[in-house]
């Protein structure tokens with residue numbers, strides 16, 4: 001049989017459990033990427049040279065090397081320096097660091113797009129730097145770049161199968177194991193593709209909702 005619905009019913013619980021692992025890795029990885037990327041952008045644009053220059057080197061170095069190599073480095077090389085990290089943690093850190101460098105460029109574009117008059121007005125009002133960023137600059141810089149950040153969220157989600165290289169039982173790895181045990185790959189691989197498609201489309205819908213909400217509420221204020 002080309003397609004066995006009974007077999008599908010048997011493997012769905014395993015795939016659902018693996019989907020949770022994939023979603024958790026995506027959420028935690030993007031959380032790291034979003035906050036670390038903002039820190040990178042602020043440090044690169046407004047930090048002293050001894051911070052900005054190394055950050056530029058780090059950002060360009062990470063962006064210029066494959067994500068899989070970074071996963072291997074964190075999981076296999078860092079233990080040689082006495083830093084042992086579990087497979088899931090190493091994978092999440094690698095995803096977060098890799099996409100933080102891309103998010104930093106998005107943030108940098110958003111920050112550069114804030115009119116210079118906003119900075120001058122804050123300076124004239126003698127506002128502290130932290131309050132200027134928190135209350136004036138960041139609220140104007142973030143909403144326009146939400147679509148680009150959303151694209152990186154979806155890309156990060158689609159890169160989670162790379163974690164199988166260090167033994168994380170995410171969706172694709174689980175499907176491959178099911179296929180090798182039952183000599184049937186059509187159902188598990190097809191289901192994994194459908195799960196990725198549905199979750200990616202759902203993410204796009206949520207991102208669009210957030211974008212509209214920010215335009216309606218934050219940017220008006």
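Some points to look at:
- Percent of Cα pairs exceeding the 17 Å cut-off, where the set is region 35-135: 61 percent
- In this label model, residue 65 and residue 89 are separated by 2.1 nm, measuring between points 7 Å along each Cα→Cβ vector.
- Cβ-based exposure ranking for 190, 101, in which fewest neighbours within 10 Å come first: 190, 101
- Multiplying the residue separation of residue 114 and residue 23 by 0.36 nm and subtracting their alpha-carbon distance yields 29.4 nm.
- Counted by neighbouring Cβ atoms within 10 Å, the residues 135, 4 run from fewest to most as 135, 4.
- Histogram of C-alpha separations across the chain, 5 Å bin width, %: 1, 7, 12, 14, 15, 14, 11, 9, 7, 4, 3, 1, 1, 0, 0, 0
- Direction-averaged projected area, Cα convex hull, region 155-221: 5.5 nm², rounded to one decimal.
- On full extension, the segment bounded by residue 210 and residue 49 gains 54.4 nm, given 0.36 nm per residue less the C-alpha separation.
- Multiplying the residue separation of residue 197 and residue 177 by 0.36 nm and removing their Cα-Cα distance gives an extension gain of 5.1 nm.
- Normalised per residue, the volume of the convex hull around the Cα set of region 80-193 (Å³): 135 Å³
- Simple spin-label estimate for residue 31 and residue 16 gives 2.4 nm between the two label positions (7 Å along the Cα-to-Cβ direction from each Cα).
Coordinate-derived values only; no laboratory data. What you see is a predicted model; the values in this text were computed from it and never measured. As a convention, Cβ positions derive from the backbone with ideal geometry for all residues, glycine included, and neighbour counts pool all protein chains shown.
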